[in-house]
Amino acid sequence: MAYNPSQWIWCIVLAKINAINFLTDKIIQNNSSYEPRDQYYIKNKLLALVGDSLVSFEIEDSLSTKDCTKDLTSDPLVQSQIFDLLTPIPSEFNRKFWNLYSTDSVKATDYFHQLSIDNDYLQIDQIAKNIKFSSMTDYGELEITINMSKPEKTTKDIIANAAASKSRTYPLCQLCFENEGYLGGTNYSLRSQHRLLRLNLNHSEWGMQYSPYEYFNEHIIVISKEHRPMHISSATFTNLLDFVDLFPQYFLGSNAGIPIVGGSMLGHEHYQGGEHLFPVEKANDLYGFETAFDDVTASVINWPVSTIRLISKNREHLEELANQINDAWNQYDNEELQIKAESDGIQHHSINPIARKNGSEYTLLIMLRDNNTSVTYPDGIFHVHPEYQHIKQENIGLIEAMGLAILPPRLKIELAEVKKYIMEEPNSIASIHLDWANSLKESYTNQNMDEFIDQNLGQVFAEILENTGVFVNHEDQFKLFTKQFNA
Ligand SMILES: [Zn+2]
C-alpha cells in the first residue's frame with residue numbers, strides 16, 4: 001500500500017484523548033458513589049486542582065490513569081489529590097474489600113495491593129531502585145537490600161523524632177487512623193489517597209495498609225485504632241493469631257516495644273507482615289525441648305538472634321506457652337551474659353513475636369531481645385557493635401531480625417569505592433570502611449568482585465545479627481532457659 005501522509009496524521013489524532021475527560025470517566029468508574037451526571041462536577045474538581053489552562057490537555061489514549069495524572073501535573077501534592085478522586089472513598093473501599101473477601105481472601109488482598117499501586121500510594125518507582133541480593137551464611141541464605149529511599153536513622157535520631165512528634169496535635173503520628181485522606185505537605189507525608197482497611201482483632205478495631213516503601217512483597221502494616229505505645233503482652237499473641245486466621249496468606253509480627261532493639265515508630269502500636277517467606281522461617285531446628293503441652297512442638301532454631309519456634313494446631317496451648325516464655329524472659333537475668341530484665345524500674349526485655357499459619361497449623365517465632373547498654377557498648381550490648389556500624393548503625397528491628405537486611409543508600413556509592421580500593425585502582429574510599437576493606441583485600445583472590453562484596457556483606461549482616469543474639473555462643477545457657485517450661 002502506498003504511503004499516505006494524511007492517513008498517518010489521522011492515526012496520531014485518534015490516539016490522543018483529552019486528559020481531563022479521561023480522568024473524569026475513570027473517577028466515575030472507580031467510585032460507585034458517583035454517577036455519569038456528576039461529570040461536570042468532577043471535571044471542575046480536577047480543573048480546580050490543575051488549573052483551567054489544562055482544560056484541553058491531550059494525552060496518548062493508551063496511558064494509565066497514573067501516567068496521565070503525572071503528565072498533567074508534576075506537583076506531588078496535586079497528584080495525590082487526583083489519586084484520591086480516583087480511589088473509592090474509605091467506606092466504599094472497605095465494603096468492596098470485604099465483599100471480595102467473602103469469596104476469597106487472596107482476591108481481596110490482591111485488590112487492595114493493586115489499588116495501592118494504581119493510586120500511587122506504593123512508591124513502586126522508588127522501590128524498583130533498591131539493590132537486592134542474597135548471600136549464603138552459616139544460617140542459610142540471608143537477604144540483603146540497599147534501600148535507596150529510606151533515610152538512615154540512628155537510635156539517637158529515632159529518640160529525637162519521637163520527641164519532635166510529641167508536639168504534633170493532628171494527626172498525632174504517621175500511623176494514626178486520622179491520616180486517611182489527610183492532605184499533608186511540608187515535612188509530612190501526602191495521605192490524600194491513603195485508605196485503611198478496617199478489621200477486628202481480639203474484639204477491637206485495627207487498620208491495615210500496605211507500606212509505601214515496601215521492603216518485601218506485599219509488605220503490610222497493621223495499626224491499632226488507638227494511638228498508644230508499642231507493647232508486647234498476652235494480647236499481642238491473640239492479635240497476631242487472629243490476624244493469620246483472617247489472612248493465612250500473610251505472616252504478622254511485632255517489633256519489640258523498647259528503644260534500641262525496637263523499630264523506629266514506638267509511639268503507636270502496630271505490627272508488620274506480608275507475603276514474603278523470610279530466611280528465619282527456613283532455619284533448621286538446633287534442638288527440641290519439652291513443655292507442659294504435648295500438642296505443641298517447641299524448639300530452638302539455628303538463628304543468630306536467639307529464637308524459639310512453637311508449632312501447633314492447638315491455638316489455646318500455643319498462646320499459653322508463648323505467654324509463659326514471654327513472662328519468663330521479662331524476668332530473666334544472667335549476669336555472666338550481661339542479660340538484665342530490669343534496672344531502676346525500666347524494662348530492658350522484649351520480644352519479636354511472629355505468627356504464620358499453614359493449613360490448620362500455627363507457627364509462632366519468639367525472638368528474645370535485650371536493650372541494655374554498657375561502658376564497652378554504649379549504643380547497646382545486643383545492638384550492632386561499633387566495628388560493623390560503617391555498614392549499618394540503625395536498630396535491628398523485626399524485619400532485619402528475620403533475615404532481611406535493609407542497608408542505607410550511601411552504601412551504593414561507598415561500596416563502589418571499596419571495590420576500587422581492593423583492585424588497587426584510584427579511589428576515594430571512606431575512612432570508615434578502611435579496616436574492613438584491608439581485611440577483604442587480604443582474602444581477595446581474583447574472583448568476581450561484585451559477588452565477592454555481596455558475599456562479604458552477607459557475612460557482615462550475619463555477624464550483626466549475632467551481635468543482637470542474647471545467647472549467641474552460649475547454647476548451654478539457652479538450654480537452661482528453655483528447661484523451665486518442662487513443667
Ligand atoms: Zn498515632
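The values are calculated or read from the model by the stated rules, or taken from the named source; none is laboratory data. All figures in this text were calculated on a predicted structure; none of them were measured in a lab. Because the Cβ atoms are built from the backbone with ideal geometry, glycine has one as well, and the counts that use them run over all protein chains shown. With ligands, DNA and RNA removed, areas are computed over all heavy atoms of the protein, side chains included. Shrake-Rupley method; radii C 1.70, N 1.55, O 1.52, S 1.80 Å.
Criterion first (within 12 Å of the ligand (Cβ to nearest atom) and either under 30 Å from ALA462 (Cβ atoms) or open to solvent by 20 Å² or more (accessible area, probe 1.4 Å) (or both)) does THR238 satisfy it?
The answer is no for THR238.
Looking only at the stretch 169-176, decide whether some residue is assigned to a loop (DSSP other than H, G, I, E, B), of a type in the set (Phe, Trp, Tyr) and more than 13 Å from the ligand (Cβ to nearest atom).
no
Out of ALA164, ALA108, I need the residue that is outside any strand (DSSP E or B), open to solvent by less than 80 Å² (accessible area, probe 1.4 Å), outside the structural domain of GLN29 (by TED's automatic domain parsing) and under 30 Å from PRO378 (Cα atoms). Which one?
ALA164
Going by the structure shown, is ARG195 within 16 Å of the ligand (Cβ to nearest atom), part of a loop (DSSP other than H, G, I, E, B), in the same structural domain as GLY397 (by TED's automatic domain parsing) and among the basic types (Lys, Arg)?
no
What residue, among those in the stretch 67-102 that are among the aliphatic types (A, V, I, L, M) and farther than 19 Å from PHE57 by Cα, is surrounded by the fewest Cβ atoms within 10 Å (Cβ to Cβ)?
By that ranking, first place goes to LEU77.
Within the stretch 264-300, restricting attention to residues that are open to solvent by 10 Å² or more (accessible area, probe 1.4 Å) and within 16 Å of the ligand (Cβ to nearest atom), which residue is nearest to the chain's Cα centre (by Cα)?
Of everything passing the filter in the stretch 264-300, GLN272 is nearest to the chain's Cα centre (by Cα).
Given the conditions (1) open to solvent by less than 20 Å² (accessible area, probe 1.4 Å); (2) within 14 Å of the ligand (Cβ to nearest atom); (3) outside any strand (DSSP E or B), report the number of the one that PHE216 does not fulfil.
Checking PHE216 against (1) open to solvent by less than 20 Å² (accessible area, probe 1.4 Å); (2) within 14 Å of the ligand (Cβ to nearest atom); (3) outside any strand (DSSP E or B), the one that fails is (2).
On the given criteria, is ASP125 outside the structural domain of LEU183 (by TED's automatic domain parsing), surrounded by fewer than 16 Cβ atoms within 10 Å (Cβ to Cβ), part of a helix (DSSP H, G or I) and modelled with pLDDT under 95?
For ASP125, the condition - outside the structural domain of LEU183 (by TED's automatic domain parsing), surrounded by fewer than 16 Cβ atoms within 10 Å (Cβ to Cβ), part of a helix (DSSP H, G or I) and modelled with pLDDT under 95 - is met.
Restricted to the stretch 121-168, and to residues that are hydroxyl-bearing (Ser, Thr, Tyr) and touching a Gly at 6+ places or on another chain (Cβ under 7 Å), which residue is nearest to the ligand (Cβ to nearest atom)?
Among those that are hydroxyl-bearing (Ser, Thr, Tyr) and touching a Gly at 6+ places or on another chain (Cβ under 7 Å), it is SER165.
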